[in-house]
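Contents: one structure, followed by commentary.
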Amino acid sequence: MILTAEFEGGQAQYLKFGSGKTPFVMLPGLSLPNVLRSADAVESAYSAFSKDYTVYLFDRIKNPPAGYTLGQMAEDTARSIEAAGIENACVFGASQGGMLALLTAAEHPRLVSKLAVGSTAAKSYKNIQIIMEQWVKLANEKNIRALAENIAGNVFSPAVLKNAKKMIVDFNSDVSAQELEDFSVLAGACLSFDFTAELEKISCPTLVIGSEGDAIMPHGASEYIARHIKGSELYMYDEKYGHAVYDEARDYKNKLLDFFGG
């Protein structure tokens, strides 16, 4: 079921499914087609959560403004969660969603009981800037096919691309003008950010997951987050998995279930 969270200054859609007592909030990474277009696939992929959790997948606000920052995005994310009537949630954020999850846990601790972040960073490393600059440029030029190929090449591992590159590129090429404009704004927010100082504010149990084969997040980004959140756990996949290890590794969701249920 897709619903809308309305709050002062904006609104955001979210997917809701499951019947469990515990809220499980997912904050996805950047997506060229709107993430809610994949609602059925998400519900299927996370079906194991449906019994013990009520699952919420939050989109970004509608029509994000030019110059939108990650800080503003995180505040709007927190407002969306509040508007949906959620608190004390198990929160999982991937990639840019992980950045928002970290900020939400730091600045709005009552919303987050446990936190898991994957394939993410607490500051704008040079490699992130280079890739985001490419994505913003291609989006602004409306070079959709080249953008879709660039995204596929940076997000997925060689093993996945060997078998599914055309399908991935075709899926990411089917976008509207509004989706392309939104993507440019959201990618641009990753060009400059640094909330390393906020990490020490996070006091809830935290799991950090990364991959040695991540082509976007530099080596050490996950380790840095884990070192600066007291008592956090770190798990690193090896180099055969890419940035999208959260989709590629078969045991990834089981790690989340074990952590949130522990």
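Can you name every residue in region 1-34 that is of a type in the set (A, V, I, L, M) and in contact with a strand residue (DSSP E or B) (Cβ under 8 Å, 6 or more places away or on another chain)?
M1, I2, L3, A5, A12, L15, V25, M26, L27
Every residue in region 53-76 that is under 16 Å from the mean Cα position of the chain (by Cα) and of a type in the set (G, A, S), please.
Scanning region 53-76 gives G71, A74.
For G188, work out the one condition from (1) without any contact (Cβ under 8 Å) to a residue 12 or more places away in the chain; (2) closer than 24 Å to A78 by Cα it doesn't fulfil.
(1)
Filter region 90-118 down to the residues that are farther than 22 Å from G210 by Cα and in contact (Cβ under 8 Å) with a residue 24 or more places away in the chain and list them by number.
E107, H108, P109, L111
Where residues in region 77-88 are in a helix (DSSP H, G or I) and surrounded by fewer than 21 Cβ atoms within 10 Å (Cβ to Cβ), which of them is nearest to the chain's Cα centre (by Cα)? Steps first, answer last, please.
Here is the first cut: in region 77-88, the ones in a helix (DSSP H, G or I) are 77-83.
If we keep only those that are surrounded by fewer than 21 Cβ atoms within 10 Å (Cβ to Cβ) too, we end up with 78-79, 82-83.
On the way: A78: 14, R79: 17, E82: 18, A83: 20 Å.
Filtering region 77-88 for residues that are in a helix (DSSP H, G or I) and surrounded by fewer than 21 Cβ atoms within 10 Å (Cβ to Cβ), the one nearest to the chain's Cα centre (by Cα) comes out as A78.
One line per residue, one yes/no per condition, for (1) out of contact with any Phe, Trp or Tyr (no Cβ under 7 Å at 6 or more places or on another chain); (2) of a type in the set (D, E); (3) free of Cβ contacts under 8 Å to residues at least 40 places away in the same chain; (4) farther than 24 Å from L103 by Cα:
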site	(1), (2), (3), (4)
G10	yes, no, no, no
K16	no, no, no, no
S38	yes, no, yes, yes
S44	yes, no, yes, yes
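So V175 ticks every box in (1) assigned to a helix (DSSP H, G or I); (2) more than 20 Å from V117 (Cβ to Cβ); (3) of a type outside the set (D, E, K, R) but one. Which box is left unticked?
Exception for V175: condition (1).
Just give me the residues in region 4-41 being under 24 Å from W135 (Cβ atoms), polar (S, T, N, Q) and assigned to a strand (DSSP E or B), in sequence order.
Passing the criteria: only Q13.
With respect to the numbered conditions (1) in contact with a Lys or Arg (Cβ under 9 Å, 6 or more places away or on another chain); (2) exposed (fewer than 14 other Cβ atoms within 10 Å of the Cβ), which one is the sole condition not fulfilled by D251?
Among (1) in contact with a Lys or Arg (Cβ under 9 Å, 6 or more places away or on another chain); (2) exposed (fewer than 14 other Cβ atoms within 10 Å of the Cβ), the lone unmet condition for D251 is (1).
Listed residues A122, A148, A159; which is closer than 24 Å to N34 by Cβ, touching a helix residue (DSSP H, G or I) at 6+ places or on another chain (Cβ under 9 Å) and among the hydrophobic types (A, V, I, L, M, F, W, C)? Outline the logic, then answer.
Working: A122 fails: closer than 24 Å to N34 by Cβ; A159 fails: closer than 24 Å to N34 by Cβ.
Result of the check over A122, A148, A159: A148.
Please go through region 89-123 and give me each residue that is touching a Leu at 6+ places or on another chain (Cβ under 6 Å), in a helix (DSSP H, G or I) and closer than 16 Å to M236 by Cα, ordered by number.
Matches in region 89-123: none.
If a residue has to be under 24 Å from V208 (Cβ atoms), in contact (Cβ under 8 Å) with a residue 24 or more places away in the chain and in a helix (DSSP H, G or I) to count, how many in region 124-164 make the cut?
Number satisfying all stated conditions: 11.
Say whether the condition of being of a type in the set (A, V, I, L, M), out of contact with any Lys or Arg (no Cβ under 8 Å at 6 or more places or on another chain), buried (at least 18 other Cβ atoms within 10 Å of the Cβ) and free of Cβ contacts under 8 Å to residues at least 60 places away in the same chain is met by at least one residue in region 216-236. So that I can check it myself, show each step before the final result.
Quick first cut of region 216-236, residues of a type in the set (A, V, I, L, M) only: 216-217, 221, 225-226, 229, 234, 236.
Those still in the list that are out of contact with any Lys or Arg (no Cβ under 8 Å at 6 or more places or on another chain) too: 216-217, 221, 225-226, 229, 234, 236.
Pick out the ones that are also buried (at least 18 other Cβ atoms within 10 Å of the Cβ) and you get 216-217, 221, 225-226, 229.
Applying the additional criterion that residues be free of Cβ contacts under 8 Å to residues at least 60 places away in the same chain yields 226, 229.
Yes, because at least one residue in region 216-236 is of a type in the set (A, V, I, L, M), out of contact with any Lys or Arg (no Cβ under 8 Å at 6 or more places or on another chain), buried (at least 18 other Cβ atoms within 10 Å of the Cβ) and free of Cβ contacts under 8 Å to residues at least 60 places away in the same chain.
Can you tell me how many residues in region 42-72 are over 24 Å from D247 (Cα atoms), in a helix (DSSP H, G or I) and in contact with a helix residue (DSSP H, G or I) (Cβ under 8 Å, 6 or more places away or on another chain)?
Adding up the residues that qualify gives 1.
For region 35-76, which positions are crowded, with 17+ Cβ neighbours inside 10 Å, in contact with a strand residue (DSSP E or B) (Cβ under 7 Å, 6 or more places away or on another chain) and polar (S, T, N, Q)?
T54
Out of all the residues in region 139-155, is one or more surrounded by 21 or more Cβ atoms within 10 Å (Cβ to Cβ) and under 30 Å from H108 (Cα atoms)?
So far as region 139-155 goes, yes, one or more of its residues are surrounded by 21 or more Cβ atoms within 10 Å (Cβ to Cβ) and under 30 Å from H108 (Cα atoms).
Rule-based calculations on the coordinates, nothing more; no lab input. Predicted model only: the values in this text are computed from it and were never measured. Heads up, the Cβs are rebuilt from the backbone with ideal geometry, glycines too, and the neighbour counts pull from every protein chain shown.
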